[in-house]
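Reading through the structure tokens given below for one structure.
The values are calculated or read from the model by the stated rules, or taken from the named source; none is laboratory data. Computed from a predicted model, the values in this text were never measured in an experiment. Cβ placement follows ideal geometry from the backbone for every residue including glycine, while neighbour counts extend to all protein chains displayed. Remember, those area values only see protein heavy atoms, side chains included, never the ligands or the DNA or RNA. Shrake-Rupley method; radii C 1.70, N 1.55, O 1.52, S 1.80 Å.
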Amino acid sequence: MDPRYSFIILTYNEEMHLPRLLASIAGLNAETFILDSGSTDATLCIAETAGATVLYHAFENHPKQWDFALTAFEVKTPWVICLDADQIVTPELFTLLKNFSEDEHKDINGIYFNRKNFFKGRWIKHGGYYPFYLLKMIRYGIGFSDTNENMDHRLVVPGNTITWKNGHILEENLKENKISFWIEKHNKYSDLLAFEEMERLLSLRQQTVKAHFWGPPNERTAWLKQRWWKLPRYLRPALYFGYRLIFKLGILDGRTGIIFHFMQGFWFRLVVDIKIDELLKQRKNEAE
């Protein structure tokens, strides 16, 4: 096993995704840990056949699931790479990991990978979706999961980070080829996000990551979120959809891409805004 880093993967009924991911990292000979949340398909059999260490933890939300994963496993390497089951490591990223040197990164605590996101078989290249940097490789025991987020799961590290712009992961959830699955999934996500934003409106929830426009990707995202929270509800989904489609050239992603930008950039955010108002009304009624 590679003594430099280990992999942690979250799973739930991932028999169509997990073999693809495991095959993409097999040659790295790194120990693999899988945190499952109750799979009923062949996921656990696939994981055990691959020699992975598997634990179970009931799912509440992604940030808490990652928080558990980063503390429950007996990780012995200085670095850990955190991946979702529907992601794969590209040959370019594989080469970077194969040649990774601890000595060359002794002053670094985190590494951002560049994600390519796919929807219904199409790479979503525009609309602000590429390049898209995710903190995926962190020093174990130093990096942590931001549990102040409900839905937008984010790893955090203090200190220095670097970005591997050519170190790509491909993300494609094949279950989402059925739009009914996508809608059901994002309906659940909208519950989590609406509750989170309601608490932020009432100053009951704080940001972990400092907001800085010119900072690393996580700090820039935190800055943008602060602006998003101040925009008028119901108007902001339309503004965001227009921004993605026109200013970020989402229209160039073709029909499939435009559907994605509409559903993810407008529909989902509109549902969140409706649910925020419902929660605020419910809270007001309970207080009276």
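Per the conditions (1) under 19 Å from HIS153 (Cα atoms); (2) assigned to a helix (DSSP H, G or I); (3) in contact with an Asp or Glu (Cβ under 9 Å, 6 or more places away or on another chain), the sole criterion not satisfied by ALA47 is (1). Conditions: (1) touching a residue at least 12 places away in the same chain (Cβ under 8 Å); (2) of a type in the set (A, V, I, L, M); (3) within 30 Å of LEU93 (Cβ to Cβ). LEU224 meets all but one. Number of the miss? Looking at each condition in turn, LEU224 falls short on (1).
Scanning the range 149-202 for residues being touching a Gly at 6+ places or on another chain (Cβ under 9 Å), buried (at least 17 other Cβ atoms within 10 Å of the Cβ) and more than 16 Å from PRO63 (Cβ to Cβ) gives a total of 2.
For the range 203-221, residues that are free of Cβ contacts under 8 Å to residues at least 40 places away in the same chain and open to solvent by 40 Å² or more (accessible area, probe 1.4 Å) total 7. Within the range 260-275, residues that are of a type in the set (A, V, I, L, M) have Cβ atoms under 6 Å from residues that are at pLDDT 95 or above and open to solvent by 10 Å² or more (accessible area, probe 1.4 Å) in these pairs: VAL272/LEU193, counting only partners at least 6 apart in sequence or on another chain. Restricting attention to the range 171-194, the residues that are over 17 Å from GLN87 (Cα atoms), in contact (Cβ under 8 Å) with a residue 24 or more places away in the chain and of a type outside the set (A, V, I, L, M, F, W, C) total 5.
For the criterion of being under 18 Å from the mean Cα position of the chain (by Cα), free of Cβ contacts under 8 Å to residues at least 12 places away in the same chain and within 28 Å of LYS188 (Cα to Cα), GLU60 passes. Please tell me if LEU55 is in contact with a strand residue (DSSP E or B) (Cβ under 8 Å, 6 or more places away or on another chain), in a strand (DSSP E or B), within 23 Å of SER145 (Cα to Cα) and open to solvent by 50 Å² or more (accessible area, probe 1.4 Å). Yes: the conditions hold for LEU55.
Yes/no per residue for (1) at pLDDT 95 or above; (2) assigned to a helix (DSSP H, G or I); (3) of a type in the set (Ser, Thr, Tyr):
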residue: SER190; (1), (2), (3): yes, yes, yes
residue: LYS225; (1), (2), (3): yes, yes, no
residue: PRO232; (1), (2), (3): yes, no, no
residue: ARG236; (1), (2), (3): yes, yes, no
residue: PHE241; (1), (2), (3): yes, yes, no
residue: ARG255; (1), (2), (3): yes, yes, no
residue: PHE268; (1), (2), (3): yes, yes, no
residue: LYS275; (1), (2), (3): yes, yes, no
residue: LYS281; (1), (2), (3): yes, yes, no
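Please work out which residue is nearest to the chain's Cα centre (by Cα), limiting yourself to the range 34-43 and to residues that are of a type outside the set (Ser, Thr, Tyr) and surrounded by fewer than 20 Cβ atoms within 10 Å (Cβ to Cβ).
Residues of the range 34-43 that are of a type outside the set (Ser, Thr, Tyr), as a first pass: 34-36, 38, 41-42.
Subset that is surrounded by fewer than 20 Cβ atoms within 10 Å (Cβ to Cβ): 38, 41-42.
Details: GLY38: 20, ASP41: 23, ALA42: 24 Å.
My answer is GLY38.
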